[in-house]
Amino acid sequence: MIIPWYNDFGDQQGCSEGEVTSVGAAATPVTNHREAELALRELRSAGEGIAAELLAVEDSPGRRFLDGASLSGVTLDRWTAAKADLGALWAHYALFQQVLATAESTRDLARLTTLLRGPAVELPDLRQVTMAELLEIMTGSCREVREVVSAADTLWSQVATLDRLDERLREAATTADELGVAGPSTDTLAAIRAQVLSDPLSLSGNDNRLAEVDAQLAEATVELTALRRLRDEAEPRIAALRESVHDLGADFDTTGQLVVTARGKIAGSLAQPADPVPSLRLRIDALAQTRDLARLARGIEDLARAITTAAGQLAKAAANAQELLDRRAELRGRLDAYRIKAARLGHSEDPALTDLHREARDLLWHAPCDLAASTRALNAYQRAISDKEAAR
C-alpha cells in the first residue's frame, strides 16, 4: 500500500519489493503541523490495514492447518519461507508502530521530517529505511504470506469433501461385505488425503481425482444397490425364469406339431426345431445353487436373453411352417377361382383346359405338395384361360 505523499521516493531511488534503498537527505521537509498531521493520518491508516491483514492471516484456518500439519514437499518449502516472512512482518510492524508513536508525540518539524520521510527505521538486518519503504516491504511480504495461507485454506476445505467421500466409501464397503462382493478401491482417496494433509500446495488446479472418485462411488453404489435388490428378489426371479421356460416348452410343442404338419403336406427342407427346454432347465438349476451375487446377476440376465432368443427362433420356425401351409391354401383357392372363370366363359368342357386344371389340382392335392411345380402348373392354367378369353 503506497500512500500518495511518498510515491516520489520510490521513483527517485528505483526501489522495488525486496530492494529498499534509504533516501537519506533526499527527504522533502515537513513545512507545517497540518502537513505533518495529514502524513501521520495516512501512515496510521496504512498501519491499520497491515495489522488487519496480519490478524486475518493469523486467524485463518489455512494458517492453523499449516502450523499443525506434518508438512512435506512444496508446501513445506513455501510455508517455511512464508512463516519466516510472517515473523519478520510482525517485527517490522512493531518498528513501524514505534516510529509512528514517536512522530505523534513530536512537535519539532525537522524531527518530524526525519521520522516521517527520512530513513528513521532501522531493520533487524541494519538497513535504514523510511516509513514509506517499510510499508512497501510489509505490503509485499504480506501479499506473499497471504497467497500461501489462502491457497492452503482453499485446499484444506477439500478435507470436508474427503470426509464425505470416506463416509460413502465406508458405506459401500459395508454393503459389499454384506453381499460378499468386492467393494470400491480406497487407494485413490487415501493418496489424495495424504497429499492434502501433508503437501496440499503441490496439488494442481486441474486435479480431477476427487470428481473421479465421486463418479466411481456413485457407479459402485448403483451396482451394489442392484445386487442387494437381486439378493432380495433372487428366488422370485429364478421362479419367473422357470415359468418362462415352462411356457417355452408349450411353444415348442405347438411349433413342433405345426412343423410336422407342414413337413407332411409341403415338400421341401423345412427343419424340425431343436428343443431348447432341457438345456435351459439345467442352467437354471445350476444358477439357483450359486451364492455369488455378481455371477447370479449375470446368469439371470444371460438366461433371460437365452429364453428370449429361443422363443424368437420357435416363433420364426412356426411362421415359416404356417407360411408354407398358407401358400398352398392360396394356390388352391386361386385354382378354384380360375375353374369358375373358365366355366363362366363357356370352357368348362374344354379338353386342354381340363387337362391343365387336372395337372394343377393333382399337384396341389398331392402330399407332400411341390409348391414350385404347383405354382408353375397354376400359372399355365391361368394363361390358357386368358388366351381363350382374348380369342372371343
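Rule-based calculations on the coordinates, nothing more; no lab input. Values in this document were obtained by computation on a predicted structure and should not be read as measured data. Here the Cβ positions follow ideal geometry from the backbone for every residue, glycine too, while neighbour counts run over all protein chains shown.
Considering only alpha-carbon pairs that sit under 8 angstrom and 6 or more positions apart, the relative contact order computed for segment 326-391 is 39 percent.
Just to confirm my numbers, what's the Cα centroid distance between segment 113-154 and segment 164-180 in Å? Each part's Cα centre sits 53 Å from the other's. When W90, W156, W79 are arranged by Cβ crowding within 10 Å, least crowded first, meaning fewest neighbours, the order is W90, W156, W79.
Close amide H partners of I266, meaning residues 5 or more places away or on another chain with modelled amide H under 5 Å apart, are C369. Translational diffusion of the chain was estimated from the Stokes-Einstein equation, with Rh taken as the Kirkwood radius over Cα pairs; at 25 °C and 0.890 mPa s the coefficient is 78 µm²/s.
For the chain, what does the helix formula give at 222 nm: sum of -39500 (n - 2.57) over DSSP H segments with n ≥ 4, over the residue count, nearest 500 deg cm²/dmol?
Value at 222 nm, helices only: -27000 deg cm²/dmol.
Couplings for segment 368-379, taken from phi via the Karplus curve 6.51 cos²θ - 1.76 cosθ + 1.60 with θ = phi - 60°, read x, 7, 8, 5, 5, 5, 5, 5, 5, 5, 5, 5 Hz in order; Gly and Pro are left as x.
Subtracting the Cα-Cα distance of D326 and Q257 from 0.36 nm times their residue separation leaves 23.3 nm of extension gain.
The order of R107, R44, going from fewest to most other C-beta atoms within 10 Å of their C-beta, is R107, R44.
Using alpha-carbon positions, what is the distance between the centroids of segment 311-346 and segment 33-110, in Å? Each part reduced to its Cα centre gives a spacing of 104 Å.
For Y93, Y381, the sequence from fewest to most other C-beta atoms within 10 Å is Y93, Y381. Which log10 I(q)/I(0) values, to two decimals, does segment 326-391 give at q = 0.15, 0.18, 0.22 Å⁻¹ under the Debye formula with one point per Cα? These q points yield log10 I(q)/I(0) values of -0.41, -0.58, -0.84. With each label modelled as a point 7 angstrom along the Cα→C-beta vector, the L55-Q98 pair spans 2.3 nm. 3J(HN,Hα) along segment 79-96, derived from phi through the Karplus expression 6.51 cos²θ - 1.76 cosθ + 1.60 where θ = phi - 60°, amounts to 6, 4, 5, 5, 5, 5, 4, 5, x, 5, 4, 5, 5, 5, 5, 5, 4, 4 Hz, with x in place of Gly and Pro.
Taking R0 as 35 Å, what FRET efficiency do you get between T161 and E223 from their Cβ-Cβ distance, rounded to the nearest 0.05?
Details: r = 22 Å, r/R0 = 0.64.
According to the calculation, E is roughly 0.95.
Working note: Karplus 6.51/-1.76/1.60 with θ = phi - 60° gives segment 236-243 the couplings x, 6, 5, 4, 5, 5, 4, 5 Hz, where Gly and Pro are set to x.
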